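Novice: Below is one structure. I have some questions about it.
Each value in this text was obtained by applying a stated rule to the coordinates, not by laboratory testing. On a predicted model such as this, the values are computed, not experimentally measured, just so you know. Don't worry about glycine lacking a Cβ; one is built from the backbone with ideal geometry, like all the others, and counts go over all protein chains shown.
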Amino acid sequence: MKKKDMTETTVYKRVGQVGLLEYKGLNRFDWLVNAFSTREGGVSEGQYATMNFSVSMGDDPARVARNFELFGEAIGVRPEDMVYADQKHTDHVMVAGAAHKGMGVTRERDFSGVDGLVTDEPGVCLVTSFADCVPLYFADPVHRAIGLTHSGWRGTVAKIGTRTIELMHEKYGTNPADLVCCIGPCIGRECYEVSEDVARKFEAAYKPQEYGMICAPREGTDSKYLLDLPLANYEQFVDCGVAPGNIYMPDLCTACNSDLLHSHRATGGKRGGMCAFLMIRP
């Protein structure tokens, strides 16, 4: 495992054959279950090996279902209590409740195009999937509300992290100053090259001083840029009023750890998918 040269924010655990990551910033809340999957401990094969939660890449749905069972056993959550977002790289965030339990995992969803979920109901496990994009975890310890969001470059430009915080404030009275926000394992700036048109979208969406830190031309190229998605989300949180000391940055790059974590960029798209999990304990 190649960790970044920074304060360690994740802890690796092995439960039986299942390898997983937890966030130190969330582990201090005994009323939460938080986890991020690795490639370890599942039943999928080939490019999906072994813990894969994506059927859209062509894996056997029965194997994916078994992976949810195995990972659920490792974190103490039943698949029928999970709500799996239907990621479409939007800025759409939805309130998830008991009526949504199992959707996307053990039964069909009645929603689509949702990249973020929030809840204040114990026993509802929020689930979002990743393979380089940015996992965003939100915990409000005052109102005991949570959010979990998938933020790729499109979601980051659209500021889905901000949308999540706004919905938590609207539904639960969340004060951003109370939030603890964790940015999960994702592709790091050094591995994330984007085209000029993507860079210009970030330039339009962020303040000049923010853009100067988030995006820069790649040396030796005419129209390629290096993009820092974690930092872009960090800037959203600070702009919303989240205390910088309550924001935990990723200490792992998915592309640099493609043996442990599924990475779209590192494998040329021949990969499976990981999931983030967040639940208020019943």
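Novice: Could you list, by residue number, the cysteines of the chain that have no other cysteine's beta carbon within less than 4.7 Å of their beta carbon?
Specialist: If one checks each Cβ against the other cysteines of the chain, Cys125, Cys133, Cys181, Cys182, Cys186, Cys191, Cys215, Cys240, Cys275 turn up with nothing under 4.7 Å.
Novice: If a/c stays under 1.5 just call it rounded; otherwise compare a/b with b/c (prolate if a/b is bigger, oblate if not). Do that for the range 71-176, with a ≥ b ≥ c from the square roots of the Cα gyration tensor eigenvalues. Walk me through the intermediate numbers first.
Specialist: Numbers: a/c = 1.62, a/b = 1.14, b/c = 1.42.
In terms of gyration-tensor shape, oblate.
Novice: Further question: Report the residues of the range 241-282 in range of a label on Glu45: point 7 Å along Cα→C-beta, backbone N strictly under 19 Å from it.
Specialist: 270-273
Novice: Net charge near Val33: determine it from the other residues with C-beta under 11 Å of the C-beta of Val33, scoring Lys and Arg +1 and Asp and Glu -1. The partial results should precede the final answer.
Specialist: Numbers: positive: Arg281; negative: Glu22, Asp30, Asp81.
Every neighbour counted, the sum reads -2.
Novice: For an R0 of 35 angstrom, estimate the FRET efficiency from the Cβ-Cβ distance between Asp259 and Lys88 and round to the nearest 0.05. Mind dumping the intermediate values first?
Specialist: Details: r = 29 Å, r/R0 = 0.82.
FRET efficiency, Asp259 to Lys88: 0.75.
Novice: Ok, one more. Report the extension gain between Lys3 and Asp222 in nm, rounded to one decimal, defined as 0.36 nm multiplied by the number of residues separating them, less their alpha carbon distance.
Specialist: 75.8 nm is the gain from fully extending Lys3 to Asp222.
Novice: Any idea what the dipole of the range 70-185 comes to, in debye rounded to 20, about its Cα centre with Lys/Arg Cβ at +1 and Asp/Glu Cβ at -1?
Specialist: 140 debye
Novice: Right, next: Go ahead and set up a Gaussian network model of the chain, Cα springs under 10 Å, then flag whichever of Gln209, Gln17, Gln47 fluctuates most.
Specialist: Gln209
Novice: Distance from a point 7 Å along Cα→Cβ of Asp239 to each backbone N in the range 162-188: keep the residues under 17 Å and list them by number.
Specialist: Correct set: 162-167, 176-177.
Novice: Next question. How many angstrom lie between the C-alpha centres of the range 211-280 and the range 100-144?
Specialist: Value for the Cα centre distance between the two parts: 20 Å.
Novice: Under the 0.36 nm per residue contour assumption, what length would be gained going from the current alpha-carbon distance of Gln17 and Ala98 to full extension?
Specialist: 26.2 nm
Novice: Would you mind computing, in nm to one decimal, how far apart the modelled labels at Asp30 and Lys171 are, each placed 7 Å from Cα along Cα→Cβ?
Specialist: 2.7 nm
Novice: Can you quote the Å³ per residue value for the convex hull of the Cα atoms in the chain, rounded to an integer?
Specialist: On the way: hull volume 34.1 nm³, N = 282.
Once divided by residue count, the hull of the chain is 121 Å³.
Novice: How high is the relative contact order of the chain? Use alpha-carbon pairs under 8 Å, at least six apart in sequence, and give a whole percent. Can you show the working numbers first?
Specialist: Working: 678 pairs, mean separation 67.6, N = 282.
Computed over the chain, the figure is 24 percent.
Novice: Let me test this: with uniform point scatterers at the alpha carbons of the range 1-86, what is the Debye-based log₁₀ I(q)/I(0) at q = 0.18, 0.21, 0.22, 0.24 1/Å?
Specialist: Each listed q maps to, in turn, -0.85, -1.06, -1.13, -1.23.
Novice: Any idea what the dipole of the range 74-141 comes to, in debye rounded to 20, about its Cα centre with Lys/Arg Cβ at +1 and Asp/Glu Cβ at -1?
Specialist: I would put it at about 200 debye.
Novice: Quick check: convex hull over the Cα atoms of the range 98-246, volume per residue in Å³, rounded to an integer? Write down the numbers at each step before the final one.
Specialist: Details: hull volume 17.9 nm³, N = 149.
That works out to 120 Å³ per residue.
Novice: Can you compute the charge dipole magnitude of the chain about its Cα centre, using +1 on each Lys and Arg Cβ and -1 on each Asp and Glu Cβ, nothing else charged? Give it in debye, rounded to the nearest 20.
Specialist: That gives the chain a dipole magnitude of about 340 debye.
Novice: If I take every Cα pair under 8 Å that is 6 or more residues apart in the range 82-152, average their sequence separation and divide by the length, what percent do I get for the relative contact order?
Specialist: 35 percent
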